[in-house]
Structures are given as C-alpha cells and as structure tokens.
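Have a look at the structure below before the remarks.
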Amino acid sequence: MENAIMVTGGAGFIGSNFILQWIEREGIPVINLDKLTYAGNLRNLESVNGDPRYTFVQGA
Ligand SMILES: NC(=O)c1ccc[n+]([C@@H]2O[C@H](COP(=O)([O-])OP(=O)(O)OC[C@H]3O[C@@H](n4cnc5c(N)ncnc54)[C@H](O)[C@@H]3O)[C@@H](O)[C@H]2O)c1
C-alpha cells in the first residue's frame, strides 16, 4: 500500500481543520478514524468526500 497518514478524531474541530489543510497542501492520503461522538460532525469534511486521498472509518 502507498503511504498514508491516520488521523484519530478527525471529524472534530481540530481534526477536521487539520485534514482539510493536509489535503490542500500535501499529496499523501489521509485515513480519518473517528468514533463519531456528539463532537464529531462529518459535515465538516463534505468538501473532501469522494477525494481519493481521503478515507473515513468509523471506530474507536
Ligand atoms: N472555536 C470553535 O468553534 C470550536 C468548536 C469546537 C471546539 N473548539 C475547541 O477545540 C478544542 C477541542 O477540539 P478537538 O478537535 O480536540 O475535540 P472535539 O471534541 O471537537 O472532537 C473530538 C473528535 O474525536 C472523536 N472521538 C472521541 N473519542 C474517540 C475515540 N475513542 N476514537 C476515535 N475518535 C474519537 C469525536 O467523535 C470527535 O470527532 C476545545 O478546546 C474546544 O473548546 C472550538
């Protein structure tokens, strides 16, 4: 598999902003592992849905 980074809690405030900036600036794919608690909101990441560099996995 090619290189990728994993972000935990990426649907939260800090994580989603990090992921959006990473996708904008870096070529390396991101895997977002988030439990989706009350603090998680996938609408934060709508703009990268469908981007081949972005993968969401629900889990803890
Ligand atoms: N300025 C603003 O509008 C604003 C908005 C929200 C938060 N904040 C601040 O940001 C800071 C917190 O931001 P944050 O991004 O660290 O936290 P957050 O609470 O915003 O998000 C945490 C994320 O981690 C996920 N999560 C929780 N437990 C998990 C687990 N076991 N495994 C995987 N994912 C898990 C949640 O679903 C959520 O998406 C606080 O200081 C808060 O006051 C500011």
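Quick notes on this one:
- Of the set (1) over 9 Å from the mean Cα position of the chain (by Cα); (2) modelled with pLDDT of 95 or more, all apply to Phe56 but (1).
- Close Cβ contacts (under 9 Å, 6 or more residues apart or on different chains) running from residues in region 11-26 that are more than 13 Å from Val48 (Cα to Cα) to residues that are within 13 Å of the ligand (Cβ to nearest atom) and assigned to a helix (DSSP H, G or I) comprise Gly12/Asn44; Phe13/Asn44; Gly15/Asn44.
- Every residue from region 1-47 that is among the aromatic types (Phe, Trp, Tyr) and on the phi > 0 side of the Ramachandran plot: none
- Test: residue in region 27-37 that is touching a residue at least 12 places away in the same chain (Cβ under 8 Å), within 12 Å of the ligand (Cβ to nearest atom) and charged (D, E, K, R): yes
- Residue within region 42-53 that is hydroxyl-bearing (Ser, Thr, Tyr) and touching a residue at least 12 places away in the same chain (Cβ under 8 Å) present: yes
- Residue match in region 26-36 (condition: of a type in the set (D, E, K, R), surrounded by fewer than 12 Cβ atoms within 10 Å (Cβ to Cβ) and under 18 Å from Glu2 (Cβ atoms)): yes
- Yes/no for Arg43 being among the basic types (Lys, Arg), touching a Pro at 6+ places or on another chain (Cβ under 8 Å) and more than 8 Å from the ligand (Cβ to nearest atom): no
The values are calculated or read from the model by the stated rules, or taken from the named source; none is laboratory data. The structure presented is a predicted model; accordingly, all values stated were derived computationally and were not measured. Neighbour counts are summed over all protein chains in view; Cβ atoms, including those assigned to glycine, are modelled from backbone coordinates with ideal geometry.
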